[in-house]
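Encoded as structure tokens, the structure appears first; notes follow it.
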Amino acid sequence: MRTQEDKEKILDRYKPSKYLVGAVTPSMVEYLLEYFRGSEKIIKYKQAGSQGPVVMNYSPDRDEKQEWFNPVQELVWDILGSNCYVWGSNIFRVEKPHIAHNDDYEEKIYPIYKTLVLPLEISKATNFVTFDQAYLDGPVKLFRGYDPVPESFYNKSLTDYSNIINYTDEPFDKETHQKYLSHIPYEALHGLTVEKVIPWVPGNAIIFDMGRIHSASNFVAEGITHKIGYSIFTAKEFN
Ligand SMILES: [Fe+2]
């Protein structure tokens, strides 16, 4: 478990989420899509018992350093500074929007830093929602009010929200729920407030603190059949 002191260090360096328009060139987007399409490393987690999306995992510390990753590493350093490192990443293709969750890590206690999301393919623009709340006791999906509570493949299924940082215990904003998050049962958003609604568009880079709760908007309701994106998880030592 992460100590209280470590949590405070993580929270001390929290910044508002942001996005950079045009941070990723069309050729870089194509480069990543090509790699995803041609990769033999695509893992169908479904075969391992997950209901989750098709993903391709890449972690510098698990695989041998592969040349294809070098341009990604340069991009990460350009955007986040060269004093952070990548500990994992995945290219995912989803037909259902992600629900509210954080991006913490289970196996090791990293000094978690930022998630960088690079939208790669979608038929039209959609959105991505970050919340004012964070959770620093491991990877979670937010399932308050679900009956039954779904099993989660990697993240813990969280139904007791009392350890969520900045938890309000107030009902979620109904208009925002209808507009962006109608794929999530209303009760599961109890106690959360929206930090930002960020355009999910190829070329943009979305940056947020890894413990921060975030969610896709309901792109299915917008007539979008699938999206492909690249999530990159980083760590940074404390000073
Ligand atoms: Fe995430």
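Taking the criterion of being away from the ligand (no atom under 11 Å from the Cβ) and in a strand (DSSP E or B), the only residue of segment 141-150 that qualifies is L142. Only residues that are farther than 16 Å from V117 by Cβ and either within 14 Å of the ligand (Cβ to nearest atom) or among the polar types (S, T, N, Q) (or both) were counted across segment 185-214, and they come to 1. Exactly one residue out of E95, E121 is among the acidic types (D, E), closer than 30 Å to L32 by Cα and in contact with a strand residue (DSSP E or B) (Cβ under 6 Å, 6 or more places away or on another chain), and it is E121.
Residues in segment 208-239 that are among the β-branched types (V, I, T), within 27 Å of R144 (Cβ to Cβ) and in contact with a Phe, Trp or Tyr (Cβ under 7 Å, 6 or more places away or on another chain): I213 only. Only residues that are within 10 Å of the ligand (Cβ to nearest atom) and within 18 Å of I91 (Cβ to Cβ) were counted in segment 215-228, giving 1. Selection over segment 160-174 of residues that are in contact with a Phe, Trp or Tyr (Cβ under 9 Å, 6 or more places away or on another chain) and either assigned to a loop (DSSP other than H, G, I, E, B) or under 14 Å from E187 (Cβ atoms) (or both) gives a count of 8. Out of N204, N218, which single residue is polar (S, T, N, Q), under 16 Å from the mean Cα position of the chain (by Cα) and closer than 14 Å to I99 by Cα? Only one candidate passes the filter, namely N218. Residues that are in contact with a helix residue (DSSP H, G or I) (Cβ under 8 Å, 6 or more places away or on another chain) and modelled with pLDDT of 90 or more within segment 58-85 comprise P71, V72, L75, C84, listed in sequence order.
Listed conditions (1) touching a residue at least 60 places away in the same chain (Cβ under 8 Å); (2) touching an Asp or Glu at 6+ places or on another chain (Cβ under 8 Å); (3) assigned to a strand (DSSP E or B) are all met by S157, apart from (1). Go through (1) farther than 24 Å from Y14 by Cα; (2) touching a residue at least 24 places away in the same chain (Cβ under 8 Å); (3) touching a helix residue (DSSP H, G or I) at 6+ places or on another chain (Cβ under 8 Å) for H177 and report which single condition fails. H177 satisfies every listed condition except (2). Restricting attention to segment 98-108, the residues that are under 17 Å from A205 (Cα atoms) and not in a loop (DSSP other than H, G, I, E, B) total 0.
Residue pairs whose Cβ atoms lie under 7 Å apart, sitting 6 or more positions apart in sequence or on different chains, and linking a residue in segment 136-149 that is closer than 17 Å to H190 by Cα to a partner that is surrounded by fewer than 16 Cβ atoms within 10 Å (Cβ to Cβ) and β-branched (V, I, T), are F143/V149; F143/T159; R144/T159; V149/T159. Checking T130, T126 one by one, the residue that is hydroxyl-bearing (S, T, Y) and within 14 Å of the ligand (Cβ to nearest atom) is T130 and no other.
Can you work out which of the residues in segment 76-97 that are assigned to a loop (DSSP other than H, G, I, E, B), surrounded by fewer than 21 Cβ atoms within 10 Å (Cβ to Cβ) and of a type outside the set (D, E, K, R) is nearest to the ligand (Cβ to nearest atom)? Only one residue tops the list, namely C84.
The C-beta contact set for segment 72-100 (first residue more than 30 Å from E151 (Cα to Cα), second residue of a type in the set (S, T, N, Q) and assigned to a strand (DSSP E or B), distance under 6 angstrom, 6+ apart or interchain) comprises C84/T234. Residues that are of a type in the set (A, V, I, L, M) and either within 16 Å of the ligand (Cβ to nearest atom) or closer than 30 Å to E74 by Cβ (or both) occur at least once in segment 158-170.
The values are calculated or read from the model by the stated rules, or taken from the named source; none is laboratory data. Given the structure is predicted, the values throughout are model-derived calculations rather than measurements. Neighbour counts run over all protein chains shown; Cβ positions are idealised from the backbone, glycine included.
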